[in-house]
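The structure under discussion appears below in the form of structure tokens.
The values are calculated or read from the model by the stated rules, or taken from the named source; none is laboratory data. Just so you know, these numbers come straight off a predicted model, no measurement behind them. All Cβ positions, glycine included, derive from the backbone under ideal geometry; neighbour counts span all protein chains shown.
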Amino acid sequence: MTAVVGTRPEHEPWPPLARHGSAPALVHGDRVLDYAELHDRVVARRDELGSVRRLVLLECANDVETVVGYLAAMTAGHPVLLAPAGGHHADLLATYRPDVVLSGAELTEHHDGTRHDLHPDLALLLSTSGSTGSPKLVRLSRENVVSNAAAIATYLRLSPDDRAATTLPMHYCYGLSVVNSHLRSGASLLLTDDSVVDDALWDDVARHRVTSFAGVPHTFDLLDASGFAARDLSSLRYVTQAGGRLAPDRVRRYARLGREHGFELFVMYGQTEATARMAYLPPQLTESRPECVGVPIPGGSLRIDGEGDVGELVYSGPNVMLGYATTPADLGAGRSVTELRTGDLARRHPDGLLEVVGRRSRFAKVFGLRFDLDRLEARTAEHGVASRAVEHDGRLAVFVRRHLDVGPAYDVLSGCGLPPTGATVHVLERFPVTATGKPDHAALARHASVLAAPRPAEPQRAVTPAVVRDE
């Protein structure tokens, strides 16, 4: 099948801090750090890291010291492994034994020089999962980072007038892409750890004239619950959404809200293995084509591998990772991947727009029947029921938020041809999410395992409205 190809952007060495001079770069609290000051801070930190190329673990918070440490390592050529602040990464420390750990203003040297064979192209290491401390990492090059930042800046039309709030963690590839693309463009960042439900965040958005923020689907759940539409949104130019599928009706609703308040909604698609971004839906199409992930980013190409209309989505571009790392020896390896098999199933519409319809690994086989769990969740949503579905021990476990949703959920299961003994429906007051806001299917599977354990004195039922609280 013919690939859909984006136009390759021109980009220069990144990040060009000094050339932006007195333009604001970082806003943190009441302090504004301009690009000249940021450049000086980065140079000082770079000198502390030394000239010998070493593996640096950076504990990330949304603050000035983290940005400085990240830029210092990147500009000096030290491969940097990003981890969440707070020390919940013992597995990473034990597995990769970094030479240096940066935590806020502290620099801790674990080794004089380096104990690692570091490939010349290796620049950045990111976790493949939302759970903290996963030892499986994505190996990224400087070209990966620069090209993806340039592509994002191109389709978002970023300029020095833009300012993004850091509503996502920096160790998460989506949150990091906001930092990379804005600093590459001479734009600025409002550094904050406030949630979108906090009035303090929106006070800062209005006071500092923030033009954008980024959100995963869980972010939009929080926005719905906190009266986002009633906020002062006058400074917003655009909002981006990625990190998982947002239901088409919600995409359409936020697109309309943006039209009313003067901001655009960019729905985007990506993976850590692609340094964050592979496709985006042009904002003028979000109301009419909300089910689509859109077109490839500039410089990228997407094709569908499979017979018929639906197949696996395969991405090619300069932002495709070098490969994975699971041991320190992998840090010396070169490129092992030339294209990215996403694991997502997609179709291409006659107008060229791409729609992701499911995940290869999100299929369950129950009594010989194959079920698309993403499609099942979408079907229940069409009936007004929020749900999460996982497979456990050859059966489906479906979680809903309210007791009154149990019956409709079971009706959907029955309508899909599932025998009554093939599934259980449970009430879960809060759906667990990962540290990056994505559905935590592993936690749901653990809940399903606990609920499936034999309970003497309780008869087995096909539908079990048991309330389980997320820990």
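Annotations
- Hits in segment 413-432 (condition: farther than 17 Å from HIS392 by Cβ and of a type in the set (S, T, N, Q)): SER414
- The strands (runs of 3 or more DSSP E) found wholly in segment 64-170 and carrying at least 1 residues that are over 26 Å from HIS28 (Cβ atoms) occupy 106-109, 122-127, 137-141.
- Among the numbered conditions (1) among the hydrophobic types (A, V, I, L, M, F, W, C); (2) crowded, with 16+ Cβ neighbours inside 10 Å; (3) in contact (Cβ under 8 Å) with a residue 40 or more places away in the chain, the only one that ALA329 does not meet is (2).
- Residue in segment 193-201 that is touching a residue at least 40 places away in the same chain (Cβ under 8 Å) and either among the charged types (D, E, K, R) or crowded, with 21+ Cβ neighbours inside 10 Å (or both) present: yes
- Scanning segment 365-392 for residues that are closer than 23 Å to GLY343 by Cα, in contact with a helix residue (DSSP H, G or I) (Cβ under 8 Å, 6 or more places away or on another chain) and not in a strand (DSSP E or B) turns up LEU373, ASP374, LEU376, ARG379.
- Filter result for ASP344 (at pLDDT below 95, part of a strand (DSSP E or B) and closer than 30 Å to LEU223 by Cα): yes
- Extreme residue, surrounded by the most Cβ atoms within 10 Å (Cβ to Cβ), among residues of segment 37-63 that are among the aliphatic types (A, V, I, L, M), assigned to a strand (DSSP E or B) and under 22 Å from the mean Cα position of the chain (by Cα): LEU58
- Yes/no for ALA247 being in contact with a Phe, Trp or Tyr (Cβ under 7 Å, 6 or more places away or on another chain) and either within 15 Å of LEU354 (Cα to Cα) or assigned by TED's automatic domain parsing to the domain that holds ARG163 (or both): no
- Some residue of segment 418-430 being assigned to a loop (DSSP other than H, G, I, E, B) and out of contact with any strand residue (DSSP E or B) (no Cβ under 7 Å at 6 or more places or on another chain): yes
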